[in-house]
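Chemist: Dropping a structure here in C-alpha cells format, bear with me for questions.
The values are calculated or read from the model by the stated rules, or taken from the named source; none is laboratory data. Please read all numbers here as calculations on a predicted model, not as lab measurements. When we count neighbours, we look across all protein chains shown, and the Cβ atoms used for this are built from the backbone with ideal geometry, even at glycine.
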Amino acid sequence: MLHLIKLAVGIRDPAHLAEVQAGRTARDGYIRHTTRQYPKRSQELLEGGSLYWVIGGVVRVRQKLAALEPAVREDGVACTALVLVPGLVRVAARPVRAFQGWRYLRAEDAPADATGGGAEMDLPEALRRELQELALL
C-alpha cells in the first residue's frame, strides 16, 4: 500500500478543510481534488491508500483515496482528479517542510491515526507546536 502527501494550501485547520469539502460535496455530489500530475504508481495508491493533508506545516489528517481520474481544469489544462472518500481521519501530528505538488508516502512512514478525543488537534497552531516542542503533546 502507498499513500500521497499534499499541502492543503489556504486551509487554516482540519475544521476548515472539512467545511471546504462539505461545500464541494453539496455542489458536485463528491469530493475531488485536482493536481497536475497523474501518479505512476496509481495501482498501489488504490489498494487502500490515503491522501495525507499537510495543514500549516503539519500533517494533521488523512482521507481515503477512492479513485484517480483524468480531468480537465477550467482553463483547459489536463490534470488528475483525486477522488476522496468523505470524512477526515485525524493522525498523529508531524511537522513537514513545504514542498510543491504531492509526494508518495510509504505506509511504514505514514503517521499513525490519532488516538483519544483529539482535543489537542483543536488548539491554536502556535500553542500546539509549543506544547509539542516541550514534549507535552
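Chemist: Could you look through the stretch 58-101, keep only residues that are polar (S, T, N, Q) and part of a strand (DSSP E or B), and pick out the one that is surrounded by the most Cβ atoms within 10 Å (Cβ to Cβ)? Can you show your working first?
Modeler: At the first step, the residues of the stretch 58-101 found to be polar (S, T, N, Q) are 63, 80, 100.
Then keep just the ones that are part of a strand (DSSP E or B); that gives 63, 80.
On the way: 63: 21, 80: 19.
Taking the candidates together, the pick is 63.
Chemist: Still on this structure, I have one more. Could you please find all residues in the stretch 1-57 being among the small types (Gly, Ala, Ser), surrounded by fewer than 18 Cβ atoms within 10 Å (Cβ to Cβ), under 30 Å from residue 127 (Cβ atoms) and free of Cβ contacts under 8 Å to residues at least 60 places away in the same chain?
Modeler: 10, 22, 23, 57
Chemist: Look through 77, 54, 83, 61 and report the one residue that is of a type in the set (A, V, I, L, M), out of contact with any strand residue (DSSP E or B) (no Cβ under 6 Å at 6 or more places or on another chain) and modelled with pLDDT of 90 or more.
Modeler: On the way: 54 fails: out of contact with any strand residue (DSSP E or B) (no Cβ under 6 Å at 6 or more places or on another chain); 83 fails: out of contact with any strand residue (DSSP E or B) (no Cβ under 6 Å at 6 or more places or on another chain); 61 fails: out of contact with any strand residue (DSSP E or B) (no Cβ under 6 Å at 6 or more places or on another chain).
Criteria check complete, one pass: 77.
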